[in-house]
Amino acid sequence: MSTLGIGIIGCGGITLQNHLPGLALCPDVRVAALCDSDPGTLQRASAATGCTVTTTDYNQLLAREDVHAIIIATPNLLHFPIAMAAIAAGKHILCEKPIAMAAEEARTMARAADAAGLRHMTAFTYRFVPAMRYLRHLIDQGDLGEPRHYRSCRLQDWGTRNLGWRMVKKLAGTGELGDMLSHRINFAHHLIGPMKRMVAHVKNLTPIRDGKPNDTDDWVGILADFHNGATGVLESSKLASGRNESWRSLDYVEINGSEASFEFTTGKWNELQFGKLGGPGMAPLFVPREFWVWPGSPRDPQVGDPLVSFRYDQAVEFIHAIREQRPCTVTFHDGAQTQAVMDAALHSAATGSWVDL
């Protein structure tokens, strides 16, 4: 097909911030249809895209022949039924994380999409950070040595404001665990490998947000062992007062190996910290230009805010995978692996015990 038609189901902030600017970078791609349950949100997305085909029923969108692929950016509860309907309709899918409410749902999505020969992608956006990509390259070429420790820390100041569906467990499944720590779990899988066992703790310190009940977690911590013998410590919070939020807040990852240590923060998109065994300490290591944008992306990293614009490469990879008839770099299988850790974290927190993965 010369022009790919994209349907977007869920037209809120993440669609306007990440998905639409990314699609705009892709030649011969157009937004063919929009779907959202809220008429006001739908109207704003229509104005932003110029797309006049709108509906509040995702089945109507999926029935359109001019929609070849979809982006799912709805409350988490709807990811699985929409994805399964889209697979039955023969549509390629980019789905926001977490892709399901439980690991078995996520695995079912992945198996069904594979069987249908469709491209499928989990929106682990931070996998496109240039510093992350360069760090993976350095690990692959052996600079780290044997992995020993992985740690990540995501601290934001969300206060006690109303978070809409994200603070309703039956719609979101989890709070900070799925919202932010899911990314860092995927970081760990990508950089270190699969976890072998873990113990977790979650807290809800804001049962009321702006006068509305909140039954999801706003802090989570995980202690993990990896199959390769490395250890892991992962923490994420919405309640780190004074830390600001989004790309202005702390998003830190450090890996210690037998030969070296590496550190990055998403706030320094083109820089790592690096130290060698027995050396004087950590020092800056700048990311080469060939890692600044995703292969094949037309994005100019020096245009706009680079802490935002790297996210646009996610859509570029999705479109390229469809056109090249190959798996996406980040698939539903990655989403399912992360979901399994999330499920285990909830079980561990509920029982106070270690859980094998």
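Could you identify which residue out of A315, A63, A45 has the top mean-square fluctuation in a GNM of the chain using Cα springs shorter than 10 Å? Highest fluctuation among the options: A63.
Looking only at D217, D179, D305, which one moves most when the chain is put into a Gaussian network model with springs between Cα atoms under 10 Å? Result: D305 has the largest fluctuation of those listed. Mind putting a number on the dipole of the chain about its Cα centre? Charges go on the C-beta only, +1 for Lys and Arg and -1 for Asp and Glu, and I need it in Debye to the nearest 20. In debye, rounded to 20, the chain gives about 200. Remark on segment 78-154: hydrodynamic radius 14.7 angstrom, per the Kirkwood mean of 1/r across alpha carbon pairs. Under conditions of 10 °C and 1.306 mPa s, the chain yields 76 µm² s⁻¹ as its translational diffusion coefficient, taking Rh as the Kirkwood radius over Cα pairs in the Stokes-Einstein equation.
Grab the other residues whose beta carbon is less than 12 angstrom from that of G275, score K and R as +1, D and E as -1, and report the net. Result for the local shell: -3. To the nearest ten degrees, helix 313-324 and the longest principal axis of the Cα atoms of the chain are 60 degrees apart.
For the chain, the longest principal axis of the Cα atoms and the long axis of helix 130-140 meet at an angle of about 60 degrees.
With the charge dipole of segment 203-357 set up from +1 on Lys and Arg Cβ and -1 on Asp and Glu Cβ about the Cα centre, the Cα lying farthest toward the positive end among the listed residues G229, S261, F310 is that of F310.
Annotation: the antiparallel percentage among DSSP beta bridges lying fully within the chain is about 60. Treating each Cα of segment 153-275 as an identical point scatterer and summing with the Debye formula, the log10 of I(q)/I(0) at q = 0.14, 0.19, 0.20 Å⁻¹ comes to -0.65, -1.07, -1.14.
Counting only Cβ charges, +1 for Lys and Arg and -1 for Asp and Glu, the dipole size of segment 222-313 around its Cα centre is about 180 debye.
Readers should treat all values here as calculations from the given coordinates under stated rules, not as data from a laboratory. Since this is a predicted model, take the numbers as computed values, not measurements. For neighbour counting, all protein chains shown are included, and Cβ atoms are generated from backbone atoms with ideal geometry for every residue, glycine included.
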